[in-house]
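Each remark here refers to the structure printed beneath this line.
The values are calculated or read from the model by the stated rules, or taken from the named source; none is laboratory data. The shown structure was predicted, so the numbers you read here are calculated from the model rather than taken from an experiment. Here the Cβ positions follow ideal geometry from the backbone for every residue, glycine too, while neighbour counts run over all protein chains shown. Just so you know, the surface numbers come from the protein's heavy atoms only, side chains and all, with ligands and any DNA or RNA stripped out. Shrake-Rupley method; radii C 1.70, N 1.55, O 1.52, S 1.80 Å.
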Amino acid sequence: MNARTEIERAVRAAAPHALVETVRDVLSSAFDARSVQLLLADYGMSVLKPVGPEPGHAPTLSMHNSPQGRAYGSQRPHEEPAADGDGTDHHFPVTVRGERLGILSVRLPAGRSTPQAMDELAHIADLLGHEIIVAERDTDHYQRARRVTRLTLAAEMQWQLLPAHAFTAAEYAIGAQLEPAYAIHGDNFDWAADADQLIVSVTNGMGEGIQASLLTNLAVNALRNARRAGIGIADQAALADQALYDQHRGGAHVSTLLLRFDLATGTLGVVDAGSPQLWRLRGRTVARLELDAQLPLGMFEESQYVVQNVQVLPGDRLLLVSDGVYDTVSPLGEAYVERGLARVILGTRLLPAASVPGAVLRELADYRDSDLLDDALVVCVDWFGRQSGG
């Protein structure tokens, strides 16, 4: 316990940019670790990039066919004999409340890979994840390390606006992903978790590039401002609508889908103000939920919005998808929504929520048989419900 406390103090006292070096030093001292490496998932969620002095020049590892990638995908520690035959390489997920940041890889000499050591290293990986989240307020070190290419300015603005890729609680699990990750324009997702509710939104600002990103930034911050005032989602939509109209006088609008989950009852309130669609997987049945279509935000002055209630059941999976997903057309001219979307929702039913958006977007890219041109967004919500007494 004293050794763990000393390690925690050392990591928490480290300079924001020096977390990896500090962890390397403490693990070398406490466990005789021969090497320590932090790998972070890139923005496109396709590779793991080592964090080092020059992350842009460090080799990357596949997220899908490397030992580190297997640990990342399964969210379980993975071990393998060291390449030089001297000891064992251990790969631990670095995850914070469901948000998969990357992998901590530690090489231990023979005889040091005890169950107690594994517990301690898993704890340190968890601690490192939390410290990275805090450190990113003060350094660009880890955000630079996650890039395999340069972000466009519009994409930079969007990523700064986003919450985590994933989040878990007793009642639900969420996963989300955007493509093209390094050149996103106007698509955005957001959520806020409280003791009695979960609010999720998907927005899509019209246009391209900086203009679309600016429009979405205004809409998302207007929704957050209203949400943090403690008002319902219908009034959140109305106030954001007014903010957009005041700025653009109807010349620009934002398509929005707002959801509010009541954690105690499973009642889902929905405001459908534009193009994002809501799909449900219940058992082995996939269906698009038909919602009452209302005006996109910002089209007219003082628009009013109405909440539509839907009941979700434990075991339900909900997917929110933008038009860049369901309107995608195959080389033969078939829209993805006609057959492909329901098929991939059913085909990914065994994956955890955090893995579903990436799997859908990879299948979408194969379906299109070319690089994505439009923004494509997928948010997955697995509903577990609240246990009695929870």
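What to note about this one:
- Considering segment 161-240, the qualifying strands (runs of 3 or more DSSP E), each wholly inside and each with 1 or more residues that are closer than 14 Å to HIS253 by Cα and open to solvent by less than 30 Å² (accessible area, probe 1.4 Å), run over 187-193, 197-205.
- Top-ranked residue of segment 311-343 - restricted to ones that are assigned to a helix (DSSP H, G or I) and open to solvent by less than 10 Å² (accessible area, probe 1.4 Å), ranked as farthest from GLY283 (Cα to Cα): GLY324
- Each residue in segment 243-287 was checked for being surrounded by fewer than 18 Cβ atoms within 10 Å (Cβ to Cβ), of a type in the set (Lys, Arg) and in a strand (DSSP E or B), and 1 of them qualify.
- A single member of ARG150, ARG107, ARG146 is charged (D, E, K, R), crowded, with 16+ Cβ neighbours inside 10 Å and more than 19 Å from the chain's Cα centre (by Cα), and it is ARG107.
- Comparison of GLU290, GLU363 shows that the only residue that is closer than 30 Å to ALA240 by Cα, open to solvent by 20 Å² or more (accessible area, probe 1.4 Å) and not in a strand (DSSP E or B) is GLU290.
- Test: residue in segment 119-132 that is surrounded by 15 or more Cβ atoms within 10 Å (Cβ to Cβ), under 18 Å from the mean Cα position of the chain (by Cα), part of a helix (DSSP H, G or I) and among the β-branched types (Val, Ile, Thr): yes
- ALA195 vs. criteria in contact (Cβ under 8 Å) with a residue 40 or more places away in the chain and within 30 Å of PRO314 (Cβ to Cβ): yes
- Those residues of segment 207-225 which are more than 12 Å from LEU244 (Cβ to Cβ) and of a type outside the set (Val, Ile, Thr), in sequence order: GLY207, GLU208, GLY209, GLN211, ALA212, SER213, ARG224, ASN225
- Matching option when the condition is of a type in the set (Asp, Glu), modelled with pLDDT of 95 or more and either under 21 Å from the mean Cα position of the chain (by Cα) or under 22 Å from GLU179 (Cβ atoms) (or both), among ASP382, ASP323, ASP366: ASP382
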